[in-house]
Amino acid sequence: MIFLGFGKYVRADKIYALEPLGPGQRGHGARTRVWVEGIAEPIVASRTERAIVAAMGVNPAAESTAILDDALDLAHRVADAAEQGRFDVVDLGRRARRLLEATTRPAEPESLF
């Protein structure tokens with residue numbers, strides 16, 4: 001169950017669309033229209049679409065945040081190594097390759113049909 005605010009809860013697997021309200025439509029805590037399977041009109045939620053998606057267990061930014069954290073860690077290691085005069089190119093190359101592999105999509109297997 002996902003809390004939408006205003007005392008409203010819905011099943012996460014029944015939500016099929018979220019629409020943020022525009023600046024002129026917001027008021028008294030209204031933030032998002034939530035379309036729920038089996039209900040003709042959207043429900044107005046006091047939570048943002050991002051908060052609702054996160055409560056549903058989907059976090060689109062989590063993967064990119066982890067990749068960014070790894071990239072920043074690599075940049076810090078390169079800067080520290082350069083300052084100390086010990087620059088391990090093999091280790092940094094391995095880490096950079098692993099980071100790049102994490103950002104690319106795997107090749108899709110060829111379809112037989």
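The values are calculated or read from the model by the stated rules, or taken from the named source; none is laboratory data. All of these numbers come straight from a predicted model, not from anything done at the bench. Ideal geometry is used to build each Cβ from the backbone, glycine not excepted, and the neighbour counts take in all protein chains shown. Keep in mind that these areas ignore ligands, DNA and RNA; they rest on the heavy atoms of the full protein, side chains included. Shrake-Rupley method; radii C 1.70, N 1.55, O 1.52, S 1.80 Å.
Output the residues belonging to region 1-24 that are surrounded by fewer than 16 Cβ atoms within 10 Å (Cβ to Cβ) and closer than 14 Å to Glu49 by Cα. Selection gives Phe3, Ala12, Tyr16, Ala17, Glu19, Pro20, Gly22. Listed by first and then second residue, the pairs linking a residue in region 1-30 that is in contact (Cβ under 8 Å) with a residue 40 or more places away in the chain to a residue that is among the polar types (S, T, N, Q) and not in a strand (DSSP E or B), with Cβ atoms under 6 Å apart and 6 or more places separating them unless they lie on different chains, are Gly5/Ser46; Phe6/Ser46.
Residues that are open to solvent by less than 30 Å² (accessible area, probe 1.4 Å) and of a type in the set (Ser, Thr, Tyr) within region 25-54 comprise just one, Thr32.
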